[in-house]
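S.K.: Mind looking over this structure? Questions follow.
The values are calculated or read from the model by the stated rules, or taken from the named source; none is laboratory data. The shown structure was predicted, so the numbers you read here are calculated from the model rather than taken from an experiment. Don't worry about glycine lacking a Cβ; one is built from the backbone with ideal geometry, like all the others, and counts go over all protein chains shown.
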Amino acid sequence: MKLSRLAASFVFTAAMGASSLSHALIQSDIVFMVDESGSMSNVQTNLRNNIGTFASILSAGGLDVRFALVGYGNSSIVPRVLTDFTNATNFATAAAGLVVNGATEPGYTATAFSLNAFGGTHLNYRTNAVKNLMIFTDEASNGDTTARGGGTAWTEALVDAQLTANKALFNAVTRSGAVASYDDLAANHGGQTFDLNGLNTNDQTVVGAFVQAFANAKLKETIDFCTANPTAAECQGSNVPEPGSLALLGLALAGLAGLRRKAVF
């Protein structure tokens, strides 16, 4: 049954009141993997300018979040860490270092790199944090053999296995209908695919609506993961509530998502 605005507001308020009793419900380490090719300038700017809003929505929902930034597809092709896990302010500073001088986008390699499955340990995840990976690109993965230094290229199947092994959530923000492989990875790992046009614009009304919807979706996905896996090590963060409390918060977010869907999707 679809929630009315009043009902959704009531349930959300009740859930927030319950969650406020905890310091933080769930710890989550979020990696932004950002394409550094020439068409991504607006996307990069809007991410940098709106990370504070994104972080605030997740924190208000009860998540203890940290953010890392991996750029990929620049002139050197190999993925690179612009910042290990940090807060929103430091993330925004690091994001100013993103470039738009590339033409090759090895997204599979970037995902393996971000999971520390390629080339060593790059990101220091907390042992009891839910891993959330998000890729921002307007092209299918390409150049993965070169990015790996001539070795066997990372493929969708290999990345899928790494995401499974890490119990990592995955979201794709891509050019609509252009990157079916990322759609599959998102569907297989608790996430969704979002339209990159929500960020690839100078219209700040569109950007604001996208950020709100994207953050609420990410909040719900993380809570859904821990509702389904209450004993998982990744869900034993700071004062994780009983499954009933998580379900209440999930219901509230579902109602809000229904109200906001038409603004973005």
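Conditions (1) part of a loop (DSSP other than H, G, I, E, B); (2) surrounded by 15 or more Cβ atoms within 10 Å (Cβ to Cβ), marked per residue:
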| residue | (1), (2) |
| --- | --- |
| Thr89 | no, no |
| Val99 | yes, yes |
| Phe113 | no, yes |
| Ala140 | yes, yes |
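S.K.: Does at least one position in the stretch 115-135 carry a residue that is within 18 Å of the chain's Cα centre (by Cα), over 15 Å from Asn166 (Cα atoms) and surrounded by 21 or more Cβ atoms within 10 Å (Cβ to Cβ)?
M.R.: yes
S.K.: Moving on to the next point. So Ser76 fits all but one of (1) of a type outside the set (Phe, Trp, Tyr); (2) farther than 25 Å from Glu221 by Cβ; (3) crowded, with 17+ Cβ neighbours inside 10 Å; what number is the exception?
M.R.: Answer for Ser76: the failing condition is (3).
S.K.: If you go through the stretch 116-136 one residue at a time, how many are among the aliphatic types (A, V, I, L, M), over 24 Å from Thr174 (Cβ atoms) and without any contact (Cβ under 8 Å) to a residue 60 or more places away in the chain? Before you say what the answer is, go through the steps one by one.
M.R.: Step one: filter the stretch 116-136 for residues among the aliphatic types (A, V, I, L, M), giving 117, 123, 129-130, 133-135.
Checking which are over 24 Å from Thr174 (Cβ atoms) leaves us with 129.
Now restrict to residues that are without any contact (Cβ under 8 Å) to a residue 60 or more places away in the chain: none.
So the count comes out to 0.
S.K.: Any idea which of (1) buried (at least 22 other Cβ atoms within 10 Å of the Cβ); (2) within 22 Å of Ser28 (Cα to Cα); (3) touching a residue at least 40 places away in the same chain (Cβ under 8 Å) is the one Ile57 doesn't satisfy?
M.R.: Failed condition: (1).
S.K.: Using beta carbons and a limit of 7 Å, which pairs, at least six apart or on different chains, have the first residue in the stretch 76-95 and of a type in the set (Phe, Trp, Tyr) and the second one in a helix (DSSP H, G or I)?
M.R.: Listed by first residue and then by second, the contacts come to Phe91/Ile51.
S.K.: Any chance you could count how many residues in the stretch 157-181 are surrounded by fewer than 16 Cβ atoms within 10 Å (Cβ to Cβ), under 17 Å from Glu105 (Cα atoms) and among the aliphatic types (A, V, I, L, M)?
M.R.: Of the residues in that region, 2 qualify.
S.K.: Next up: Being touching a helix residue (DSSP H, G or I) at 6+ places or on another chain (Cβ under 6 Å), among the hydrophobic types (A, V, I, L, M, F, W, C) and under 18 Å from Phe67 (Cα atoms), is that true of even one residue in the stretch 228-236?
M.R.: yes
Yes or no, residue by residue, for (1) of a type outside the set (A, V, I, L, M); (2) modelled with pLDDT of 95 or more; (3) part of a helix (DSSP H, G or I); (4) touching a Ser or Thr at 6+ places or on another chain (Cβ under 7 Å):
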position: Gly149; (1), (2), (3), (4): yes, no, no, no
position: Ala157; (1), (2), (3), (4): no, yes, yes, no
position: Ala161; (1), (2), (3), (4): no, yes, yes, no
position: Asn171; (1), (2), (3), (4): yes, yes, no, no
position: Gly177; (1), (2), (3), (4): yes, no, no, no
position: Asn202; (1), (2), (3), (4): yes, yes, no, no
position: Phe210; (1), (2), (3), (4): yes, yes, yes, no
position: Asn216; (1), (2), (3), (4): yes, yes, yes, no
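S.K.: Something else about it: Sort out which residues of the stretch 45-82 are within 15 Å of the chain's Cα centre (by Cα) and more than 18 Å from Ala215 (Cβ to Cβ), and write them in order of number.
M.R.: Val70, Gly71, listed by residue number.
S.K.: Gly62 - would you say it is crowded, with 24+ Cβ neighbours inside 10 Å, at pLDDT below 95, within 30 Å of Tyr182 (Cβ to Cβ) and of a type outside the set (D, E, K, R)? Lay out the reasoning, then the answer.
M.R.: On the way: crowded, with 24+ Cβ neighbours inside 10 Å: yes; at pLDDT below 95: yes; within 30 Å of Tyr182 (Cβ to Cβ): yes; of a type outside the set (D, E, K, R): yes.
The answer is yes for Gly62.
S.K.: Give me a count of the residues in the stretch 63-87 that are assigned to a loop (DSSP other than H, G, I, E, B) and within 17 Å of Thr53 (Cβ to Cβ). Let's see the steps before the verdict.
M.R.: Our first condition is that a residue be assigned to a loop (DSSP other than H, G, I, E, B); within the stretch 63-87, this holds for 73-79, 87.
Now drop any that are not within 17 Å of Thr53 (Cβ to Cβ), which leaves 87.
Final tally of qualifying residues: 1.
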